[in-house]
1. So how strong a dipole does the chain carry about its Cα centre when Lys and Arg Cβ are +1 and Asp and Glu Cβ are -1, to the nearest 20 debye?
2. Checking the a/c ratio against 1.5 first, then a/b against b/c, what shape does the Cα gyration tensor give for the range 417-489?
3. Using packing as a proxy for protection, rank 315-323, 451-459, 20-28 so that the peptide with the highest average count of other Cβ atoms within 10 Å comes first.
4. With all protein chains present, calculate the accessible area of ARG378 using a 1.4 Å probe and round the result to the nearest 10 Å².
5. Rounded to the nearest 500, what is the 222 nm mean residue ellipticity of the chain from helices alone, with -39500 (n - 2.57) per DSSP H run of 4+ residues and division by all residues?
6. Give the lysines reachable from LYS251 as a straight Cα distance under 19 Å; neighbours fewer than 8 places away on the same chain don't count.
7. Can you work out D for the range 290-483 in µm² s⁻¹ from Stokes-Einstein, where Rh is the Kirkwood radius over C-alpha pairs, the temperature is 4 °C and the viscosity is 1.567 mPa s?
8. Return one number: the angle in degrees, 0 to 90 and rounded to the nearest 10, between the long axis of the Cα atoms of helix 85-102 and the longest principal axis of the Cα atoms of the chain.
Amino acid sequence: MTPIGPRVAIVGLHLEANGFAPVTTRHDFLAECWEEGEAISEQARRVSHLPLELSGFYDRMDATGPWQEVPLIVLAAQPGGPMEQAVFDDFLAIAERRLHATGPVDAVYVCSHGGSLATGDDDNDGTLVVRMRALVGRGVPIVVTHDLHCNVSRRMIDAADALVAYRTNPHVDHRDCGSEAADILRRMTGPEGLRTAKAHVRVPIVPWPATTMLSTDGPYADLLRMARQLSVPPVVNISVTAGFVLSDLPKCGITVNVTTDRDQPLADDLARRIAAAAWSDRDRYFADLISSKQAVAMASEAAAGVRVPLILADVADNPGGGGLGNTTWLLRALHEAGTEGVILGLFCDPALATQAHAAGVGARIEATFAPVESEFTRSFVCPVTVQGLHPGSVVGRRGRDAGREIVLGPTALVALEGSGIQVVVTSLREQPADPMPFEMFGIDIAQARVAVLKSCAHFRAGFDEFFPPDRIFEVDVPGLTSNVLQNFTFCGLQRPIWPIDRDFEWAPPAP
Ligand SMILES: [Zn+2]
């Protein structure tokens, strides 16, 4: 008889929810990724818009023996506000219906971002795992992968057998995490019969600004290093998650999640040690930003050749954190200063992209950037020339998006009249984590004097060949992803929490 291997159900929800941003709708998922059934398996085995963890998982499962995939449903949207409860309810109903129809499975792989939030459920990532557990019963392994910007609940950890979170920021280890999840599932469903013990400690620190969560250096990188050093058998995995403070939930904060091979005391001890190290290092989470005025002065110097080319990171308008990608503060300031040699992106403005596509390459049009004003952005009107048009689907080549399809919708390159600024205007929100959205228009990034990027961390892995870290400056302008926590009125966070509250002591609780 041919061995058929374990039957593994696959389900995933990718949304990083910013509690201050507009609600994420069904349309947002349909525009990015809504896949059900066999289409998931087909796309996981080629370049597609699916989360890359799935490709890593499928590759590893395929390479390590026979198995039967039972793909249920995978949704992904750009980071945004809480998802509509009805969409989450539908997602769950579809997952449950498909799982019910397929009969018993031997394991479940939950491939979720972990930073989600629904309008009627503060812990819908937990709810998904709890519901899967209720369907498959206690004996069937459930392994979960998460982004490191996830908000982990004890409820989710209790319902799962293991959590594997990214260890890199900028994120370049999606596939590795999927692969690791596959290895754990193989150990649990194979002759070894691995059974896990888990510990979970939440540390009352919301790491911010986002640059303090880099995995290359800084306080969070040190925690990841410590976790790596402690990850020797019988440890199965240590996931130190940074969380996402703008979700504004009680579960926000750094979490330490240790999974071992049946060794509960060890899991508890390691989780407490890492959590204590995180707390003792809390003073290192602080912002280092320049003002808009400083940014314009530096850009002018770079344009004049007095200073080396630089990146101005518009960290407050990062679609990767739920920003709308359409604030005009830096665009206007640089234009009014007549700055030359500037590339700016990605500016999300579907109306302007449509207008440019209708006008054609070479046309001169009156552009209204950000036609809808809010407390975070003002309209900016300027004549522009359409320099390029693109359907807006391109495969990334470097950093987080390497090998992944980047979906921007109809996209245009426009040049402002009266300054030397070229803007990549997209129809869909996406942060510039990769050079391709510029290069697809023939832009030679090495020739730019100033790159204004609406991103917080991920651009670093995509643009490092042009701009080393000492040429990157983060600018403090208004936006939905401001790096200044005082700019937000939090009501969901569990207080006290560092660094918003400073006058309190904390120690890891007893297991
Ligand atoms: Zn992330």
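1. Charge dipole, the chain, about its Cα centre: 720 debye, nearest 20.
2. Details: a/c = 1.72, a/b = 1.48, b/c = 1.16.
Note, shape of the range 417-489 comes out prolate.
3. Values: 315-323: 28.9, 451-459: 27.0, 20-28: 18.1.
My ranking of the peptides, most packed first, is 315-323, 451-459, 20-28.
4. Per-residue accessible area (ARG378): approximately 100 Å².
5. Here the helix-only value at 222 nm equals -8500 deg cm²/dmol.
6. Correct list for LYS251: LYS198.
7. 80 µm²/s
8. For 85-102 against the chain, the angle is about 40 degrees.
The values are calculated or read from the model by the stated rules, or taken from the named source; none is laboratory data. Small disclaimer: the values here were computed from a predicted structure and weren't measured. Backbone-built Cβ (ideal geometry, glycine too); neighbour counts: all protein chains shown. Areas reflect the complete protein model, heavy atoms only, side chains present, ligands, DNA and RNA absent. Shrake-Rupley method; radii C 1.70, N 1.55, O 1.52, S 1.80 Å.
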